[in-house]
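S.K.: Dumping the structure here so I can ask a few things about it.
Just so it is clear, none of the values below were taken in a lab; they were calculated from the coordinates. The structure presented is a predicted model; accordingly, all values stated were derived computationally and were not measured. Backbone-built Cβ (ideal geometry, glycine too); neighbour counts: all protein chains shown.
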Amino acid sequence: MSLRNLIKSISKREWAVVGIVSVVVIALTAIPPLFGYLIGASRGLEWTGLQVFAPGDFGVYLSYIEQGRAGSPFMENFFTTAPTVPVFNILWFSVGQLAWMFSLSAIAAFHVARSLLIPALLVVTYVATAYFLPKARDRIAAFLMMAFGSGLGLYFAPLFAGMKPTLTGHEWPIDLWVAEANIFASMSYSPHFVASWSLFIIAALMLVMAFDNCRMRYAAVAGAAALVLFSFHPFHAPTLFALGLVYLVVRRNFRGKEALRRWAVYVIFVAISAPAVLYHYFITTFDTFAKEALAANTCITPAPWHFIIGFGAFALLAPAGVVLLRSKRAEFHHARFLIVWVVVCLALVYSPLTFQRRLLEGLQFPLAIMAAPVALAVIRWGKKRLPVSELFLAAALFFVFLFPSSFAVITRNVTMYSENRPPIFYLSPDRSAALGWIRDNTAPDAAFMSDFSSGYNIAGWAYRTVYVGHWVNSGDIKAKMEDARRFFGEMDEGEKAKFMLGNRLDYIFVGPDERELGGFVEGDMFELLYSEGKIDVFRLK
């Protein structure tokens, strides 16, 4: 089937479903940020924008958006004073340009971009779903499962209440903390995850269509989508490269012109997308700091039971769906592609790769395609045995088995914003004023010494370079935090000045966190520039 015919096969009723779902998802995912902003304003506090998902990375995104606003597609690392190579990032540059064009704050641009990308992802998801499921009923079921569904983590979370997260992972059901694990969580979290899912699905769809139709232009489109994806999320190159290669091997097409054309399709796909991978490879190979940061960026997939719980109904129903799909000869190759997709992902998320957990992205799609027909069969079976309508039964099963953890994503953010626990979701008036002063009164290349948490705020919300502030982007985080402890707790004035000169630091930020380490006493080598409330800022003379 050609792409044009595929799109024509989607009825107006189906497009209406996509439109309605887009509006509902945008509304649902807007609840936490709107609540956070409003509750902060009512308390006289500045909302940080942090969420339940990866709060330690949000400041990095804000720093990228500000750089994009300034017109640079090459992103500097504000979380270290060590020499680094600016990295090209078209995604955050685009969000920054959105902020510039509409005079939005970085946080506002973040959520506006996220909301604008949601309909695009849902359209792409539905078109791809239509390629694998010819019946509208099956398509809509799979689509709704992906748009709103997640796992059963909410029910099992109490069993793992004692598990504490570490820098590299968390032994907890993945649907409650790994945003890339399902589409709804990604749409709730960040524009770069929404864009990543969209490009991933486009690449996979166009690749299988290129294989099925032996059309080189489809391969080129798949490669172009992957090129953009890998430019800001190179982690997914192993999945897509392995998916195409393993699928060709499983098809056992090694002879004849048609087999050669399929291998040509794969070569074109890899050739077009590979430059982005090579770009990141050279940076992380020849730039010492980037190499160390990659090694520190360890994201471990939790134990298999957290994986199974996190995919819930998708994982439980998909095996039966394999039997249903393989029983239809006309869809045999499509079923085989889906099976290969799942197997490749399963192999990679528990492979020796240090970023294995990031490779969970994309897996929900084939699982949902295989699970949807089984879910409908269960509903039909239940209707015959229970005195309820099919719609009621479908809704009941949906809200019991698919939506709870997605709903928890919303409610957990709202609860955390309401209680401010942990106390990271709002900036105190003193800290907010100090960060504003730094933005307005220091040069863009100014560099600050502070504690870890203050450094995170300065780099992410004042857009200035810091010595330490991020678990990966600051480099050797344990050594850097020890340096901060010694700087504020043990070093004398001369040692402080020497340390700052050696690390190209201009200013010292002193707040409650720094005072807990020992504080800072003004000396002849330092000048007090700012002092309001509990925050002081000094400059090395």
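S.K.: How far, in nm, would the chain grow between D287 and L528 when pulled straight, counting 0.36 nm per residue and subtracting the alpha carbon separation? Show your work: numbers first, answer last.
M.R.: Details: separation 241, 0.36 × 241 = 86.76 nm, distance 3.65 nm.
Net length gain for the segment: 83.1 nm.
S.K.: Go ahead and run the numbers for FRET between L245 and L38, Cβ-Cβ distance against an R0 of 45 Å, rounding to 0.05.
M.R.: On the way: r = 50 Å, r/R0 = 1.11.
Computed FRET efficiency for L245 and L38 comes out at 0.35.
S.K.: Taking R0 as 56 Å, what FRET efficiency do you get between R4 and I424 from their Cβ-Cβ distance, rounded to the nearest 0.05? Could the numbers behind the result be given before it?
M.R.: Values: r = 50 Å, r/R0 = 0.88.
Result of the calculation: an efficiency of 0.70.
S.K.: For the range 158-280, with equal point scatterers placed on the C-alpha atoms only and solvent neglected, what are the log10 I(q)/I(0) values from the Debye formula at q = 0.14, 0.17 1/Å, to two decimals?
M.R.: So the normalised log intensities work out to -0.67, -0.86.
S.K.: Scattering from the C-alpha atoms of the chain alone, worked out with Debye: what is log10 I(q)/I(0) at q = 0.05, 0.12 1/Å?
M.R.: -0.23, -1.16
S.K.: While we're on this one: In a solvent-free Debye calculation with one equal scatterer on each Cα, what is log10 I(q)/I(0) for the range 350-467 at q = 0.16, 0.20 Å⁻¹, listed in the order of the q values?
M.R.: Per q value, in the given order, log10 I(q)/I(0) is -0.94, -1.09.
S.K.: Which residues does a label at E171 reach in the range 301-326, if reach means a backbone N under 19 Å from a point 7 Å past the Cα toward the Cβ?
M.R.: Only 301-311 pass the distance filter.
S.K.: Could you give me D for the range 462-541, from Stokes-Einstein at 4 °C and 1.567 mPa s, where the hydrodynamic radius is the Kirkwood radius over C-alpha pairs? Units µm² s⁻¹, please. Don't jump to the answer; show the numbers that get you there.
M.R.: Details: Rh = 13.1 Å.
Taking Rh from Cα pairs, D becomes 99 µm²/s.
S.K.: Which whole-number percentage describes the relative contact order of the range 147-260, with Cα contacts under 8 Å and a sequence gap of 6 or more?
M.R.: That works out to 16 percent.
S.K.: Search the structure for amide H atoms under 5 Å from the amide H of S474, placed 1.01 Å from N in the peptide plane, and list their residues when 5 or more places away or on another chain.
M.R.: Here the answer is G469, since their amide H atoms fall under 5 Å of that of S474.
S.K.: For a quick check of your reading of the filter: which chymotrypsin sites (Phe, Trp or Tyr not before Pro) in the range 158-256 sit in a DSSP loop and have no more than 14 other Cβ atoms within 10 Å? Mind showing how you got there, number by number?
M.R.: Values: sites: F160, W177, F184, Y189, F193, W197, F200, F211, Y218, F230, F232, F235, F241, Y247, F254; in loops: W177, F254.
Those satisfying the criteria are F254.
S.K.: Just need the relative contact order of the range 199-312 here, percent rounded to a whole number, with Cα pairs under 8 Å and 6+ apart.
M.R.: Details: 101 pairs, mean separation 32.8, N = 114.
Across the range 199-312, relative contact order equals 29 percent.
S.K.: What does the net charge come to around R380 if you take all other residues with beta carbon closer than 13 Å to its beta carbon, with K and R at +1 and D and E at -1?
M.R.: Values: positive: R137, K383, K384, R385; negative: D138, E390.
Its environment carries a net charge of +2.
S.K.: Kyte-Doolittle cut-off 0.5, length cut-off 24 Å along the helix's own axis using Cα: show which whole DSSP H helices in the chain pass.
M.R.: Working: long enough: 12-42 (44 Å, 1.41); 106-132 (39 Å, 1.67); 191-213 (32 Å, 1.47); 216-232 (25 Å, 1.61); 256-286 (42 Å, 0.86); 304-326 (28 Å, 1.53); 332-349 (26 Å, 2.04); 364-385 (30 Å, 0.63).
What comes out of the filter, once short or polar helices are dropped, is 12-42, 106-132, 191-213, 216-232, 256-286, 304-326, 332-349, 364-385.
S.K.: Using 7 Å Cα-to-Cβ label points, what is the L316/S105 separation (nm, one decimal)?
M.R.: Between L316 and S105, the label points sit 4.3 nm apart.
S.K.: Hey, with R₀ at 22 Å, roughly what FRET efficiency would F407 and I20 work out to, going by the Cβ-Cβ distance, to 0.05?
M.R.: Numbers: r = 18 Å, r/R0 = 0.84.
It comes to 0.75.
S.K.: On to the next question. Cα-Cα over 28 Å: which of K480/K534; K12/K384; K291/K541?
M.R.: Numbers: K480/K534 24 Å; K12/K384 30 Å; K291/K541 34 Å.
Over 28 Å Cα-Cα: K12/K384; K291/K541.
S.K.: Then there is this: Tell me, in nm to one decimal, what length is gained between A396 and A347 on full extension, where the rule is 0.36 nm per residue of separation less the Cα-Cα distance?
M.R.: Numbers: separation 49, 0.36 × 49 = 17.64 nm, distance 3.39 nm.
Here the answer is 14.3 nm.
S.K.: Any idea what the relative contact order of the chain is, in percent, if you count C-alpha pairs under 8 Å spaced at least 6 apart?
M.R.: Numbers: 862 pairs, mean separation 104.8, N = 541.
Here the relative contact order equals 19 percent.
S.K.: Would you report the distance distribution of C-alpha pairs in the range 55-137 as whole percents per 5 angstrom bin, up to the bin with the largest distance?
M.R.: Reading the bins upward from 0: 3, 14, 19, 17, 14, 10, 8, 7, 5, 2, 1, 0.
S.K.: Moving on to the next point. Send over the Kirkwood Rh of the range 382-541, from the inverse of the averaged 1/r over different Cα pairs, rounded to one decimal Å. Walk me through the intermediate numbers first.
M.R.: Numbers: mean 1/r = 0.0542 Å⁻¹.
Every distinct Cα pair counted, the radius reaches 18.5 Å.
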